[in-house]
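Notes for the one structure printed next.
The values are calculated or read from the model by the stated rules, or taken from the named source; none is laboratory data. Everything numeric here is computed off the predicted structure, so don't read it as measured data. Here the Cβ is made from the backbone with ideal geometry for all residues, glycine too, and neighbour counts use every protein chain on show. Ligands, DNA and RNA are stripped out before the accessible areas are found, and what is left, the full protein with its side chains, is counted by its heavy atoms. Shrake-Rupley method; radii C 1.70, N 1.55, O 1.52, S 1.80 Å.
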Amino acid sequence: MKPEEQLRIDSWDNSIQTFGKSYIFSKRAQFYSNWNRFLAILGIVVPLTIGATASGYGFNSEILKNTIAISIPLSIIQLIISAFALVNNWNDNLSYSLEAVNDYNSLSDNFKKLGKNPPNSFEEFSRTFEILETKMSSRADNDAKYSLKERELRKGMRYALREFQRQCVGCKKVPLSISSSNCEVCGKFERSLIHKILFHG
């Protein structure tokens, strides 16, 4: 195989890989964003509801007592989730995930362009590829701080293979859906509902 052909193959492989990583971090960003929004809404709605009820029905009304009784468990839930978010640094994870999505999307697009229409000069082709690969490696090194799980990588791979209509090296199939399969490369990523809620899928 000619060096140019190998570089094109590697470019397409890297485009698929980085596209999968973008998907992984987009799902993480969605998870953190949704929970942060939920906590913010709960933190505003509960006290406002109590205040509005007290103002409208009086401090000694039965409706206010019922409202407070309902609000207490909601406040406890908010406190527990907020503590969990603080310990696991959800805000930092959200910021990194959004940054990673942009970088991986850009890398995937650039690798795809390189695979589709490589420069006429092999030297230029090789140099451009090396620059992109260095950026990809640097981003992957940063990812290590955020503990990408094997099931996330398999799910990202399945999503990317479906998008690019490429055959999985494990099951030798082109994925038609994002649903999990028994494949060791692009499947086995489903988890329980509780696990999905607490650990972003």
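Please report, in whole Å, how far the alpha carbons of the range 21-75 spread along each principal axis, starting with the longest.
56, 17, 10
So for the range 1-95, what are the equivalent ellipsoid semi-axes in whole Å, largest first, each being the square root of 5 times an eigenvalue of the Cα gyration tensor? Present the calculation step by step, with values, prior to reporting the outcome.
Numbers: eigenvalues 543, 25, 12 Å².
Largest first, the range 1-95 gives 52, 11, 8 Å.
Taking 0.36 nm per intervening residue step and subtracting the Cα-Cα distance, what contour gain separates residue 176 from residue 52 on full extension?
Values: separation 124, 0.36 × 124 = 44.64 nm, distance 5.16 nm.
Gain on stretching residue 176 to residue 52: 39.5 nm.
Contour minus end-to-end for residue 139 and residue 84, with contour as 0.36 nm per residue of separation and end-to-end as the Cα-Cα distance? Intermediate values should be presented prior to the final figure.
On the way: separation 55, 0.36 × 55 = 19.80 nm, distance 2.68 nm.
Length gained between residue 139 and residue 84: 17.1 nm.
Past 25 Å, Cα to Cα: identify those pairs from 112/173; 27/116; 145/172, in the order given. Walk me through the numbers on the way to the answer.
Working: 112/173 21 Å; 27/116 28 Å; 145/172 32 Å.
From the list (112/173; 27/116; 145/172), the Cα-Cα distance tops 25 Å for 27/116; 145/172.
Considering only protein heavy atoms and a 1.4 Å probe, what is the carbon-and-sulfur percentage of the accessible area of the range 85-201? Intermediate values should be presented prior to the final figure.
Values: 3570 of 7150 Å².
Result for the range 85-201: 50 percent of the exposed heavy-atom area is carbon or sulfur.
So for the pair residue 98, residue 121, with labels modelled 7 Å out along Cα→Cβ, what separation do we get in nm?
If labels sit at residue 98 and residue 121, their model points lie 4.0 nm apart.
Over the Cα atoms of the range 35-165, compute the convex hull volume and normalise it per residue, giving Å³.
Details: hull volume 20.7 nm³, N = 131.
Considering the Cα atoms of the range 35-165, their hull volume per residue is 158 Å³.
With θ taken as phi - 60° and the coefficients 6.51, -1.76 and 1.60, list the Karplus ³J(HN,Hα) couplings across the range 171-177 in order, rounded to whole Hz; mark glycine and proline as x.
8, 6, 10, 8, x, 9, 9
Would you grab the residues whose amide H sits under 5 Å from the one on residue 174? Only those 5+ places off in sequence or on another chain, please, with H modelled 1.01 Å from N.
168
In square angstrom, what is the accessible area per residue of the range 6-151 with a 1.4 angstrom probe? Show your work: numbers first, answer last.
Numbers: 8500 Å² over 146 residues.
Value for the range 6-151: 58 Å² per residue.
Once amide H atoms are built 1.01 Å from N in the peptide plane, which residues 5 or more positions from residue 183, or in another chain, come under 5 Å H to H?
188
What value, in deg cm²/dmol to 500, does the helix sum -39500 (n - 2.57) over DSSP H runs of n ≥ 4 give at 222 nm once divided by the residues of the chain?
Working: 6 runs with 151 residues, N = 201.
Per the formula, -26500 deg cm²/dmol.
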